[in-house]
Amino acid sequence: AGQACYSGTGGLQLAPVPCAAGHYCPAGTPDPSTYPCAAGSYTNLTNLESQGDCTVCPKGYYCLQGAVTPTGLCAQGAYCPAGTQYSNQYLCPAGTYSPVYGNVRVEDCIACTAGSYCPQGLV
């Protein structure tokens, strides 16, 4: 486990290869990129054996499938708790807004000022 075996692998001529960064390789994996870490997680390590070995995406960031580092900061008008899969997965609720990137919780969204209208996800 943690390695991939291409067709015909064996001996010194064609040894198993390390699992690719951003991926994991359970026993019997045929290619180093067969199993990407799920969205909401990442890894820059090689030779991982299971999805559980991938690192949960940190707060304020999102991680696309197969990421080797957090993919990017959370979008404006949204917040990203740990394990967020894409930049605007969690939009600021209606009545709030956020002009900044990288919010980590819904409380980071700012209440709309009196006399203004703020739909969900407003920047």
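The values are calculated or read from the model by the stated rules, or taken from the named source; none is laboratory data. Everything quoted here is computed from the prediction, not taken from an experiment. Methodologically, a virtual Cβ is constructed for each residue, glycine included, from the backbone with ideal geometry; neighbour enumeration extends over all protein chains shown. Surface areas here come from the heavy atoms of the whole protein model, side chains and all, with no ligands, DNA or RNA. Shrake-Rupley method; radii C 1.70, N 1.55, O 1.52, S 1.80 Å.
Structure data summary
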quantity: Test: residue in segment 12-24 that is open to solvent by 60 Å² or more (accessible area, probe 1.4 Å) and part of a loop (DSSP other than H, G, I, E, B); calculated: yes
quantity: Odd one out for residue 20, checked against (1) within 29 Å of residue 123 (Cα to Cα); (2) within 18 Å of the chain's Cα centre (by Cα); (3) modelled with pLDDT under 95; (4) hydrophobic (A, V, I, L, M, F, W, C); calculated: (1)
quantity: Close pairs (6 angstrom Cβ cut-off, 6 or more residues apart or separate chains): under 16 Å from residue 55 (Cα atoms) and in contact (Cβ under 8 Å) with a residue 12 or more places away in the chain in segment 73-101, among the aliphatic types (A, V, I, L, M) and part of a strand (DSSP E or B) anywhere; calculated: 82/56; 83/56
quantity: Residue match in segment 60-68 (condition: at pLDDT 95 or above, open to solvent by 70 Å² or more (accessible area, probe 1.4 Å) and touching a Gly at 6+ places or on another chain (Cβ under 8 Å)); calculated: yes
quantity: Conditions (1) modelled with pLDDT of 95 or more; (2) at negative phi; (3) not in a helix (DSSP H, G or I): number failed by residue 114; calculated: (1)
quantity: Close pairs (7 angstrom Cβ cut-off, 6 or more residues apart or separate chains): free of Cβ contacts under 8 Å to residues at least 60 places away in the same chain in segment 109-123, among the small types (Gly, Ala, Ser) and open to solvent by 70 Å² or more (accessible area, probe 1.4 Å) anywhere; calculated: 118/94; 119/94; 120/94
quantity: Residue count, segment 83-98 (criterion: open to solvent by less than 60 Å² (accessible area, probe 1.4 Å) and in a loop (DSSP other than H, G, I, E, B)); calculated: 8
quantity: Single residue of segment 23-38 satisfying the filter (of a type in the set (Gly, Ala, Ser) and at pLDDT 90 or above) that is nearest to residue 85 (Cα to Cα); calculated: 38
quantity: Which numbered condition residue 75 misses (of (1) at pLDDT below 95; (2) open to solvent by less than 70 Å² (accessible area, probe 1.4 Å)); calculated: (1)
